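Notes to accompany the following structure.
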Amino acid sequence: METITNVLNSFWLPVYNFLPKLPTLILIVLLGYLIIQIIYWILNRALKLSKIPRALIGVIASLSLIIMWVILFAEIARQLGMGSLAVTISGSLAVLALALASGASGLAGDIIAGVFLARDSDFEIGFRIRIGGIEGIIQKIDIRKIRVVDDKGDIHIFPNTKLDKEGWVIVSQNVEDNKDDLKKIIAKNEDKQK
């Protein structure tokens with residue numbers, strides 16, 4: 001009987017210690033989420049007003065969003081009394097920075113290539129390009145990949161390092177005409193799916 005009591009105590013004691021922290025944690029999560037959304041909105045607006053290329057805006061915004069969420073999770077861990085986990089999570093930011101600086105991994109390579117592609121004046125959302133045997137319109141550029149929609153409406157996803165290494169051919173830089181084409185392709189594709 002004493003063993004069962006010990007097992008129950010070992011289970012309920014952490015739960016009992018956690019319950020007083022629950023309102024604080026809920027408040028931290030809600031406020032953290034709200035603050036992240038506000039900062040992300042302000043950052044997006046500020047970047048759009050600047051003369052930074054549109055593609056680079058997406059890369060910067062994505063990277064800043066990741067960093068803000070890591071900081072929030074580190075704070076949650078600290079509030080739970082898991083200081084070592086908070087240090088580990090915070091340390092992951094340092095590792096990410098080191099990986100970006102050294103270009104040591106595929107992820108870091110894609111991120112670095114994405115930044116350089118986003119700054120390239122010959123590579124913009126809405127441009128019609130050819131990569132290998134695929135021709136289409138650049139629909140989206142994010143921190144790791146680009147999405148190109150071909151004339152059939154198929155979305156081709158390429159890692160940024162592939163374009164950085166192998167290059168691309170610019171077919172058309174007329175963004176407005178290409179965006180109109182993209183809208184028609186997507187609408188036609190949606191009609192097929194119905």
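The values are calculated or read from the model by the stated rules, or taken from the named source; none is laboratory data. From a predicted model like this one, the values you see are computed outputs, not experimental measurements. Reconstructed Cβ throughout: ideal geometry from the backbone, glycine too, with neighbour counts over all protein chains shown. To get the accessible areas, we keep the full protein, side chains included, count just its heavy atoms, and leave off ligands, DNA and RNA. Shrake-Rupley method; radii C 1.70, N 1.55, O 1.52, S 1.80 Å.
Structural remarks
- Residue in the stretch 45-56 that is modelled with pLDDT under 80 and polar (S, T, N, Q) present: no
- Checking each residue in the stretch 143-173 for being open to solvent by 30 Å² or more (accessible area, probe 1.4 Å), assigned to a loop (DSSP other than H, G, I, E, B) and modelled with pLDDT under 85 picks out 144, 173.
- Identity of the residue in the stretch 121-137, among the aliphatic types (A, V, I, L, M) and free of Cβ contacts under 8 Å to residues at least 60 places away in the same chain, that ends up most open to solvent (accessible area, probe 1.4 Å): 134
- Only listed residue being at pLDDT below 80 and of a type in the set (A, V, I, L, M, F, W, C), chosen from 89, 35, 67, 42: 89
- For the stretch 32-54, the tally of residues that are assigned to a helix (DSSP H, G or I), without any contact (Cβ under 8 Å) to a residue 12 or more places away in the chain and open to solvent by less than 80 Å² (accessible area, probe 1.4 Å) stands at 2.
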